[in-house]
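Step one of this worksheet: look at the structure below.
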Amino acid sequence: MISTTVTATEMQNNFGKYLDLVIEGQEVIVTKNGREVGRLIPKSAAVSYLTDSLPEISKGDYDLDEVKSERLREKYEAAD
């Protein structure tokens, strides 16, 4: 997945532009004072994240925070 990084001010001033990028399948990473504060991702990526986590959850043998961290790391390291 292609990522674009923007400041919070840039996002606020040009939201439509970045929303179009998300609609096209890209990810937009928002920073404030040099720190990542959020991401806009396509709906399909969000659904994928949730469904990828279901097998571990259904087994009942999981650490939810660990599962979330691992899944996010896998998805976003591939984008870098």
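The values are calculated or read from the model by the stated rules, or taken from the named source; none is laboratory data. Everything numeric in this text was worked out from a predicted model, so none of it was measured. Neighbour counts are summed over all protein chains in view; Cβ atoms, including those assigned to glycine, are modelled from backbone coordinates with ideal geometry. Note: areas computed on protein heavy atoms with side chains; ligands, DNA, RNA excluded. Shrake-Rupley method; radii C 1.70, N 1.55, O 1.52, S 1.80 Å.
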Pick from Val22, Val47: which is at pLDDT 75 or above and among the β-branched types (Val, Ile, Thr)?
Val22
Mind checking which pairs have a first residue in region 9-25 that is among the hydroxyl-bearing types (Ser, Thr, Tyr) and a second that is open to solvent by less than 100 Å² (accessible area, probe 1.4 Å), Cβ under 6 Å, 6 or more apart or different chains?
Tyr18/Met11; Tyr18/Val28
For Val67, the lone unmet condition from (1) of a type in the set (A, V, I, L, M); (2) at pLDDT 75 or above; (3) surrounded by 14 or more Cβ atoms within 10 Å (Cβ to Cβ) is (2)
Every residue in region 26-35 that is without any contact (Cβ under 8 Å) to a residue 24 or more places away in the chain and in a strand (DSSP E or B), please.
Arg35
